[in-house]
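What follows is a single structure, written as structure tokens, with notes after it.
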Amino acid sequence: MCRLLIYKGTEPIQLSHLLTRPCHSIINQAFDSRLRLDRRRPINGDGFGVGWYDPVKDPELGNQPCIFNSITPAWNNANLTRLAEKIKSPLVFAHVRATTAGSLSQDNCHPWHFSQLMWMHNGGIAEFPRLKRQLQSTLSDEIYNFPQGNTDSEWAFALFLSMLADPHAESFTQHELRDAMLKTISTLNTWAREANITEPSLLNFCVTDGHTVVATRYISSKQDEAASLYFSSGTTFDEYAPGGHYRMSKRDKRENIILIASEPLTFEQADWMEIPTNTLIVITPKMNVLQIPIIDEFHVSDPLEAKKRGSDFAAQKGLLSSAYGARRGGTVPSPLQPTQDELEVAAHDGTSGEEFPRAEAVSVAAA
């Protein structure tokens, strides 16, 4: 399955600090994952994409993001390596792909953009061919003709666009993006129910207009965990030891950097917190992070009952950290351990170098 990464910061970051330099960067995860290993398709080699917004607004260039993607494996693309060393951006989407729906083509590589909106997805819409015609019938001619590929993810983006009053708007409030996201999920659930589709859909959707980021960790099930999703925040994200060993530092109470990722970019235990299943997360233009429970028929209000969600469904699809599954009674094999060099660096720095733990408590902000 796929992996995704979001960076939002008060200052632009060089893309290489996210994509190529960290020893557990999203590109290295694509062929050497330590925490979220897909036993069926352990290599994310079916293409990649990275999208970013310019750090300086230029009326001639417009507000649209720039996207670079390819069907080559991310770790074997020299152009990506060169570009990552020369580009800085305050807002970045990155995605590596293992094909499960749609053909191997550049049109099917995430992320996609429409006007200034950018979108990517990790997961899958269950039995999507049974829903596709109904989805398409709800779209305007413009939105219907927008998708160039054939993935469920891009058609979900089209559905999201149809939920906005004006997808061409120059700006969106966080409430507009949030409400459109919730309507998209609700509509897909309604159609699945009407079609008697019982397999859960895994809907880790991400969208941004260049200012606000909205993402979900979601599954249409009350018994199962969603695909893994984590966030990290702090004042700096930099290399503290040779060999690509990065960590998030918190020098004060400011949130200068926020990362959201399918799998943590570091092995530092204090860096990352797990986003609860069936939660919507918002990063506002002022760098506030809001976590909002998605209240629908698949919401589990009792925290003790929520901890009983099973990990097998997402783990079998390669979408859940094996460390997490082992803690929740799943049948996932033990995760690969950090290398000896990584353990030595961690020991020298005073950290444990152990596998990434699940965060047991996450504060949830009101909408």
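The values are calculated or read from the model by the stated rules, or taken from the named source; none is laboratory data. As the structure is a computational prediction, the values presented were derived from the model and not from experiment. Glycine also receives a Cβ, built like all others from the backbone with ideal geometry; neighbour counts cover every protein chain displayed. Areas reflect the complete protein model, heavy atoms only, side chains present, ligands, DNA and RNA absent. Shrake-Rupley method; radii C 1.70, N 1.55, O 1.52, S 1.80 Å.
Matching residues to (1) more than 20 Å from the chain's Cα centre (by Cα); (2) of a type in the set (Val, Ile, Thr):
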residue	(1), (2)
126	no, no
130	yes, no
133	yes, no
138	yes, yes
142	yes, no
160	no, no
164	yes, no
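Output yes when any residue across region 219-236 is open to solvent by less than 20 Å² (accessible area, probe 1.4 Å), closer than 24 Å to residue 116 by Cβ and not in a loop (DSSP other than H, G, I, E, B), and no when none is.
no
Using the structure shown, decide if residue 255 is among the acidic types (Asp, Glu), on the phi < 0 side of the Ramachandran plot and at pLDDT below 95.
Answer is yes for this residue.
For region 59-71, enumerate the residues that are assigned to a loop (DSSP other than H, G, I, E, B), open to solvent by 60 Å² or more (accessible area, probe 1.4 Å) and either within 13 Å of residue 91 (Cβ to Cβ) or not β-branched (Val, Ile, Thr) (or both).
Step one: list which residues in region 59-71 are assigned to a loop (DSSP other than H, G, I, E, B), which gives 59-65, 71.
Checking the rest, the ones that are also open to solvent by 60 Å² or more (accessible area, probe 1.4 Å) come to 59-61, 63-64, 71.
Scanning region 59-71 gives 59, 60, 61, 63, 64.
If you check 94, 98, 74, which single one turns out to be touching a helix residue (DSSP H, G or I) at 6+ places or on another chain (Cβ under 9 Å) and modelled with pLDDT of 90 or more?
Working: 98 fails: modelled with pLDDT of 90 or more; 74 fails: modelled with pLDDT of 90 or more.
Step by step, each of 94, 98, 74 is checked, and only 94 is touching a helix residue (DSSP H, G or I) at 6+ places or on another chain (Cβ under 9 Å) and modelled with pLDDT of 90 or more.
Could you tell me how many of the residues in region 144-168 are assigned to a loop (DSSP other than H, G, I, E, B), out of contact with any Leu (no Cβ under 6 Å at 6 or more places or on another chain) and open to solvent by less than 20 Å² (accessible area, probe 1.4 Å)? Even if it seems obvious, please write down each step before you answer.
Of region 144-168, the ones assigned to a loop (DSSP other than H, G, I, E, B) are 145-151, 163-168.
From what's left, out of contact with any Leu (no Cβ under 6 Å at 6 or more places or on another chain): 145-151, 163-166, 168.
Imposing the further condition that a residue be open to solvent by less than 20 Å² (accessible area, probe 1.4 Å) reduces the set to 147, 149, 151, 164.
So the count comes out to 4.
Of everything in region 169-178 that's among the charged types (D, E, K, R) and over 19 Å from the mean Cα position of the chain (by Cα), which residue is surrounded by the most Cβ atoms within 10 Å (Cβ to Cβ)?
Initially, region 169-178 is screened for residues among the charged types (D, E, K, R), giving 170, 176, 178.
Applying the additional criterion that residues be over 19 Å from the mean Cα position of the chain (by Cα) yields 170, 176.
Working: 170: 9, 176: 18.
Filtering first and then ranking leaves 176.
Does region 260-302 hold any residues that are open to solvent by 20 Å² or more (accessible area, probe 1.4 Å), more than 30 Å from residue 239 (Cβ to Cβ) and not in a strand (DSSP E or B), and which are they?
276, 277, 295, 296, 297, 298, 299, 300, 301, 302
Tell me whether region 188-197 contains one or more residues that are touching a residue at least 60 places away in the same chain (Cβ under 8 Å), in contact with a Ser or Thr (Cβ under 6 Å, 6 or more places away or on another chain), surrounded by fewer than 22 Cβ atoms within 10 Å (Cβ to Cβ) and not in a loop (DSSP other than H, G, I, E, B).
Scanning region 188-197 turns up at least one residue that is touching a residue at least 60 places away in the same chain (Cβ under 8 Å), in contact with a Ser or Thr (Cβ under 6 Å, 6 or more places away or on another chain), surrounded by fewer than 22 Cβ atoms within 10 Å (Cβ to Cβ) and not in a loop (DSSP other than H, G, I, E, B).
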